[in-house]
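See structure below.
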Amino acid sequence: MVEFELISAPGHLVRRLAQIQTAVFAEEVGDSRLTSPQFAVLDVLANQGSIDQITLGRAAGIDRSTTADLVNRLVERGLVERRRSRADARRNLVRLSPAGRELHQQLLPNVVRVGERLLAPLAENDRRVLIVLMQRLILGHQAAEDVTRSDDAATG
């Protein structure tokens, strides 16, 4: 018989933390009607300027179709501006609008509080260790996805 304890299952723990993060984010940022992935898009654009949607999605850790949907919603709200690339008409370039830049700046302290609240039960050193371990997991899985993507592209 396989030994299994739900409270020790990584997938269950990640899902529970995602639920907690979503609830805390809504409490801290809820008045803005912005989701955590939407804020991630604003943050990438605030730091990288005008970029194409594919690059934006990769930088935010969001798949292509979700990125397109998020950008559409943010364009509708006037927080993001989109235009076709002059160099490649198949690509959309995206950048923050002045309203998007203002909202991003306004929400930064709230988003920092989200992280503080999530990590509050941990000692400072444990917080740093957890962040490093989560980054390693994400980078490890990202590398595997990149290899799979390049294999798929090669076999076409």
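The values are calculated or read from the model by the stated rules, or taken from the named source; none is laboratory data. Quick caveat: nothing in here was measured; it's all calculated off a predicted structure. We place every Cβ from the backbone using ideal geometry, glycine too, and count neighbours over all the protein chains shown.
Quick rundown of the values:
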| item | result |
| --- | --- |
| Residue within region 98-117 that is assigned to a loop (DSSP other than H, G, I, E, B) and either in contact with a Lys or Arg (Cβ under 7 Å, 6 or more places away or on another chain) or of a type in the set (Gly, Ala, Ser) (or both) present | no |
| Selection within region 35-51 - among the polar types (S, T, N, Q), more than 12 Å from the chain's Cα centre (by Cα) and assigned to a helix (DSSP H, G or I) | ASN47, GLN48 |
| Residue check, ILE54 out of contact with any Gly (no Cβ under 6 Å at 6 or more places or on another chain) and part of a loop (DSSP other than H, G, I, E, B) | no |
| Count of residues meeting criterion [within 19 Å of LEU108 (Cα to Cα) and either assigned by TED's automatic domain parsing to the domain that holds GLN142 or of a type in the set (D, E, K, R) (or both)] in region 30-76 | 3 |
| Evaluation of VAL29 against (1) hydrophobic (A, V, I, L, M, F, W, C); (2) within 17 Å of the chain's Cα centre (by Cα); (3) not in a helix (DSSP H, G or I) (one fails), failing number | (3) |
| Which numbered condition ILE131 misses (of (1) among the β-branched types (Val, Ile, Thr); (2) assigned by TED's automatic domain parsing to the domain that holds VAL44; (3) part of a helix (DSSP H, G or I)) | (2) |
